[in-house]
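Participant: After the structure tokens below, expect a handful of questions from me.
We did not get these values from a lab; they are worked out from the coordinates using the rules stated. Quick caveat, the model's predicted, so the values are computed rather than measured. All Cβ positions, even for glycine, are placed from backbone atoms using ideal geometry, and neighbour counts span all protein chains on display.
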Amino acid sequence: MNYKLNIKPSKEQLFYIKAWLSQELEETGEGFGHNFNIIKDYFDRNQLILLLYESQSIGFTTWEIIDEIVLKIDIACIQSKFRFKGAGKFMIQETFEYFKSKGVVVTELFCQPRSSENFWKSIGFIDMPKIRFNQHELFLYYPLITPYSKSDSSENDMIELWNCEPHIASTKDAKWI
């Protein structure tokens, strides 16, 4: 397949997406067609990435950056006739590479609809540890950097993550480095 990411989509490409989302919603009663205003808001903020196949828009990802190092994927969708052909995996992996080059170290998402959980986990997403601030079972994350041990690098090269309330983190060892 001849897939390519477009990080600066045009309005014409956006409205092509609107057309296939609307058609999918009309035909199946499912999909992100009812979220088009949200998708357009992301487009207006330059937070929409398209997946192209032979210059045709066949998928998209809406995103935001949190605290300069976390990529939050809000919506990711592939046109139904391109699903289960590697298009979604390509789109997400290329999106990861793009943001990794910008210094992002982890991706998070709220997995919805539930039926997409298998896809996200098949490309390496992991259940977010359950803590008070995040009790939903479909909250997933994916590290964009390879973990390494303290002996392999200096303290300035590490990110440490805890699986506890912030006020007690200073009394515990980090769960992930």
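Participant: Helix 11-28 versus the longest principal axis of the chain: what is the Cα-based angle in degrees, 0 to 90, to the nearest 10?
Facilitator: 80
Participant: If you don't mind, another one. Go through 56, 29, 6 and say which Cα lies farthest out towards the positive end of the charge dipole of segment 1-65; charges sit on Cβ, +1 for Lys and Arg, -1 for Asp and Glu.
Facilitator: Result: 6, furthest along the dipole toward the positive end.
Participant: May I ask you to compute the full-extension gain from residue 172 to residue 159, defined as 0.36 nm times their residue separation minus their alpha-carbon distance, rounded to one decimal in nm?
Facilitator: Values: separation 13, 0.36 × 13 = 4.68 nm, distance 1.50 nm.
Length gained, residue 172 through residue 159: 3.2 nm.
Participant: Within straight cross-link reach of residue 89, meaning Cα distance under 30 Å, which lysines are found once same-chain residues fewer than 8 apart are removed?
Facilitator: 4, 8, 11, 18, 40, 72, 81, 100, 102, 121, 130, 175
Participant: Could you give the angle, 0 to 90 degrees to the nearest 10, between helix 87-100's Cα long axis and the longest principal axis of the Cα atoms of the chain?
Facilitator: Once rounded, one gets 50 degrees.
Participant: Would you calculate the separation in nanometres between label points at residue 74 and residue 122, each defined as 7 Å from the Cα along the Cα-to-beta-carbon direction?
Facilitator: In this crude label model, residue 74 to residue 122 measures out at 2.7 nm.
Participant: Does segment 1-129 classify as rounded, prolate or oblate by the C-alpha gyration tensor (a ≥ b ≥ c root eigenvalues; a/c under 1.5 gives rounded; else a/b over b/c gives prolate, otherwise oblate)? Show your work: numbers first, answer last.
Facilitator: Details: a/c = 1.43, a/b = 1.26, b/c = 1.14.
Judged from the Cα gyration tensor, segment 1-129 comes out rounded (a/c under 1.5).
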